[in-house]
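Worksheet: the structure to be examined is printed underneath.
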Amino acid sequence: MTWDVEKIREDFPVLSQTVNGKPLVYLDNAASAQMPRPVIERMSAYQSAEHSNIHRGVHYLSQHATTAYEAAREKVKRFINAPDVNCCIFVRGCTEGINLVADSYGKGFIGEGDEILVSQMEHHSNIVPWQVTAEERGAKVVVIPMNERGELIVEEYERLLNQRTKIVALSHVSNSLGTINPVKEMIAAAHKLGVPVCVDAAQSVPHFPVDVQDLDADFFVFSGHKMFGPTGSGIVYGKREWLDKMPPYQTGGSQIRIVSFERTTYAPLPAKFEAGTPAIAAGIGLGAAIDYINGLDFVAAAEHEHQLLEYATERLADIPEVTIIGTAAHKASVLSFTIDGIHPHDIGTILDQEGIAIRAGHHCAQPVMQFYDVPATARASFAFYNTRDEVEQLADAVQKVIEVFA
Ligand code: PLP
């Protein structure tokens, strides 16, 4: 494997700064990854010379912007191996995307007494929209449990699937534990009963190659800003057989065919789900992020990142005061931990003084915190531009935190 991490880091201008007098060690990638120069430059070029509203203009700039935006959609299609570019819907991010699926699929297919299966390790964005749908439709949210390592109990899941189940909502990778869920097998189990699965891919697309056709995912939702693209970009991929039958999520301009005061008809996919002026620069930026990833050896990147996660796990596990939260056999990027007697916010604050950016809190996964009976965890999350040296600095700083509180 050849992964020249120092060369890769040159692409990310934000990484070369100092914070509190120390070189920045950026380990908050699960919250938001950094953008490489080609993404920043592409967005800047768009804003400087190409900006115009898309889809409806006959003039040069509008057509140019439309072409760039639709080219980004085509890149998304290839990136996730979607069968149809029109089944890739631009949204503002994963949260908006899951709200779209929960609301629209709910209105179309969920009724009184139905069940929505949601796993115990979901981000709030993949819990609350389903709770709202359940409330509105008279349905029930049923929880797929996990074990102490933070792995879903697949046998329990298979037992919970039944004729009342109308959809399964599942993260590909947990943002609070790092667990990689066996989504392909879980999708296959749901499909045996004709139940569709909505995969929250926010934490998988930045870390390894994905293929929605191989997974046979019915819905696949993610954010651009976690995969080295801009905020304000995200994607809902859905199978046409569902999207065509689902009602629009938001309505208004761009998503209609004919409007009269008596009746409105809607545009075909993807426009039906894209009401109003989208975040054009963000969509084009997401396309540039995909170009950037495609230019890497993404498999080598994933391998490098995995080695960092393993090394960091080893280093922190060696510190007696540290408890690692989430010890699944298959993990990506995320290392959550607590230190005996020290609040995670204090860990985060002291690490920040060392120039190390981690996240401390419930990570929008309060049910996970309840499961482990902790108020919060400290979370380091890695990307392919992190280094072994940064892991050393993290481990040394954690030791320092313990000394400060001793
Ligand atoms: N799902 C998971 C697993 C996440 O980690 C996140 C963000 O942390 C989200 C959903 C929500 O993403 P966004 O805030 O970009 O909408």
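The values are calculated or read from the model by the stated rules, or taken from the named source; none is laboratory data. Quick caveat: nothing in here was measured; it's all calculated off a predicted structure. Using ideal geometry, Cβ is built from the backbone for each residue, glycine included, and neighbour counts are taken over all protein chains shown. Surface areas here come from the heavy atoms of the whole protein model, side chains and all, with no ligands, DNA or RNA. Shrake-Rupley method; radii C 1.70, N 1.55, O 1.52, S 1.80 Å.
Computed over the range 1-50, the percent of Cα pairs more than 15 Å apart is 60.
Determine, from the Cβ-Cβ distance of residue 131 and residue 31 and an R0 of 41 Å, the FRET efficiency 1/(1 + (r/R0)^6), rounded to the nearest 0.05. E(calc), rounded to 0.05, equals 0.95. A cut-off under 13 angstrom between Cβ atoms defines the neighbours of residue 264, and their net charge, with Lys, Arg +1 and Asp, Glu -1, is +2.
Note on the range 72-211: Cα-Cα pairs beyond 22 Å make up 37% of the total pair count.
In summary, the chain shows an alpha-carbon radius of gyration equal to 1.01 times the 2.2 N^0.38 Å reference for compact globular proteins. Across every direction, the projection of the convex hull enclosing the Cα atoms of the range 78-117 has a mean area of 4.0 nm².
If you take the alpha carbon atoms of the range 117-189 and fit the smallest convex hull around them, that volume is 79 Å³ per residue. Taking a threshold of 29 Å on the Cα-Cα distance, which of the pairs 7/226; 192/226; 245/331; 77/272; 75/184; 22/75 fall above it? 192/226; 245/331; 22/75, as the Cα separations exceed 29 Å there. Per-residue 3J(HN,Hα) values for the range 350-357, derived from phi via the Karplus relation 6.51 cos²θ - 1.76 cosθ + 1.60 with θ = phi - 60°, read 5, 4, 4, 4, 8, x, 9, 9 Hz in sequence order (x marks Gly and Pro). With 10 Å bins beginning at zero, the pair-distance distribution over Cα atoms of the range 346-396 amounts to 24, 45, 28, 4 %. Solvent exposure of the chain amounts to 41 Å² per residue of accessible area, where only protein heavy atoms count and the probe is 1.4 Å.
With Cα atoms as the point set, the radius of gyration and Dmax of the range 31-108 evaluate to 15.2, 42 Å.
Dividing the convex hull volume of the alpha carbon atoms of the range 285-359 by its residue count gives 132 Å³ per residue. Heavy-atom surface analysis with a 1.4 Å probe gives the range 40-294 a carbon and sulfur content of 52 percent of its accessible area. For the peptides 317-324, 167-174, 193-200, 58-65, the ranking by packing is 167-174, 193-200, 317-324, 58-65, with the highest mean count of neighbouring Cβ atoms within 10 Å listed first.
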